[in-house]
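Report on one structure; see the data block that follows.
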């Protein structure tokens, strides 16, 4: 259970990688947490350590299923006895494929996870607004991608879905004000995967205007700021070491190999 007056955050995709960093920062800031995973609630070790003795619960929902987002929100509300005060739409499907390779199934799947699910969670979040004890300071933070400013041709289905989520951020900010603030964070390359070659990240860092890569902790701090910034809505905060200022012609994984 959560303490009276304690703020509650739902972080989708919050069990590992960037989502885990966001969840850990929120729990350190005093939030109770509803942590979502698509197929598992197994936590990254650092997050598990941060959550020791804290109020949290894990939830599993596969956003490829049309009713999963609404079902997740209902489960969270039932578990904690009320709706969240903060929704972080972080869960994301990522994969390859440009214009020549993309299929209808790809487009539908990426849209379902990266844009449709956040939209339906936003809908449920807004409908539950009147029942929250923190109704004067409810917020949504969407996790985008710096590529939305200068999109390239790689991972087309992913990019289109993130552009859709960016559009949702603006529409929802106007529609839900003043009751709910809606903002977004657009990270750059934060946590390179195993697909990156040895020292490739170091070489990529030198191509950023700030000659470094952003850290997961910095993205998490941006999310926390937007969660608490009561005079800010409809904004996209880029945490990308300046990558949005550069027109990269390929995805980072294909550069500096």
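The values are calculated or read from the model by the stated rules, or taken from the named source; none is laboratory data. Every value quoted in this text rests on a predicted model; they were computed, and no experiment measured them. No Cβ is skipped: glycine too gets one built from the backbone with ideal geometry, and neighbour counts run over all protein chains shown.
Anything in segment 177-196 that is crowded, with 19+ Cβ neighbours inside 10 Å and farther than 17 Å from residue 219 by Cα? List them, or say none.
180, 181
Looking only at residues in segment 197-229 that are touching a strand residue (DSSP E or B) at 6+ places or on another chain (Cβ under 7 Å) and closer than 30 Å to residue 136 by Cβ, which one is surrounded by the fewest Cβ atoms within 10 Å (Cβ to Cβ)?
Initial filter on segment 197-229 (touching a strand residue (DSSP E or B) at 6+ places or on another chain (Cβ under 7 Å)): 214, 218-219, 222-223, 226-227.
Subsequent filtering for residues that are closer than 30 Å to residue 136 by Cβ retains 218-219, 222-223, 226-227.
Numbers: 218: 16, 219: 25, 222: 23, 223: 30, 226: 24, 227: 26.
Selected residue: 218.
Mind listing just one residue for me: the one in segment 1-29 that is assigned to a loop (DSSP other than H, G, I, E, B) and under 20 Å from residue 216 (Cβ atoms) and, of those, farthest from the chain's Cα centre (by Cα)? Quick ask: steps written out before the conclusion?
Of the residues in segment 1-29, the ones assigned to a loop (DSSP other than H, G, I, E, B) are 1-7, 12-16, 29.
This time we only want the ones that are under 20 Å from residue 216 (Cβ atoms), so: 12-16, 29.
Working: 12: 7, 13: 7, 14: 8, 15: 12, 16: 12, 29: 18 Å.
So, considering only residues that are assigned to a loop (DSSP other than H, G, I, E, B) and under 20 Å from residue 216 (Cβ atoms), the one farthest from the chain's Cα centre (by Cα) is 29.
Of everything in segment 120-140, what is at pLDDT below 90 and either under 17 Å from the mean Cα position of the chain (by Cα) or assigned to a loop (DSSP other than H, G, I, E, B) (or both)? Give them in sequence order. Walk me through how you get there before you give the answer.
We begin by selecting, within segment 120-140, every residue at pLDDT below 90; these are 129-137.
Matches in segment 120-140: 132, 133, 134.
Please go through segment 64-79 and give me each residue that is closer than 14 Å to residue 8 by Cα and within 19 Å of the chain's Cα centre (by Cα), ordered by number.
If the condition is that a residue be closer than 14 Å to residue 8 by Cα and within 19 Å of the chain's Cα centre (by Cα), then 73, 76 are the ones that fit.
I need the helices (runs of 4 or more DSSP H) fully contained in segment 144-241, keeping only those with at least 3 residues that are under 15 Å from residue 89 (Cβ atoms). It would help to see each step written out before you state the result.
Working: elements: 156-176, 200-205, 216-228.
Where helices (runs of 4 or more DSSP H) fall fully within segment 144-241 and carry at least 3 residues being under 15 Å from residue 89 (Cβ atoms), they are 156-176, 216-228.
Just checking, does segment 79-101 include any residue being in a helix (DSSP H, G or I) and over 19 Å from residue 172 (Cβ atoms)? Walk me through it before giving the result.
First pass over segment 79-101, keeping only residues in a helix (DSSP H, G or I): 79-80.
Those still in the list that are over 19 Å from residue 172 (Cβ atoms) too: 79-80.
Within segment 79-101, one or more residues are in a helix (DSSP H, G or I) and over 19 Å from residue 172 (Cβ atoms).
Considering only residues of segment 32-67 that are part of a helix (DSSP H, G or I) and touching a residue at least 12 places away in the same chain (Cβ under 8 Å), which is farthest from residue 91 (Cα to Cα)? Lay out the reasoning, then the answer.
As a first pass, look at segment 32-67 and keep what is part of a helix (DSSP H, G or I): 45-50.
Now narrow it down to the ones that are touching a residue at least 12 places away in the same chain (Cβ under 8 Å): 46-47, 50.
Details: 46: 19, 47: 16, 50: 20 Å.
The residue in question is 50.
Would you check which residues across segment 173-187 are in contact with a strand residue (DSSP E or B) (Cβ under 7 Å, 6 or more places away or on another chain) and within 21 Å of residue 163 (Cβ to Cβ) and list them?
173, 176, 182, 183, 184, 185, 186, 187
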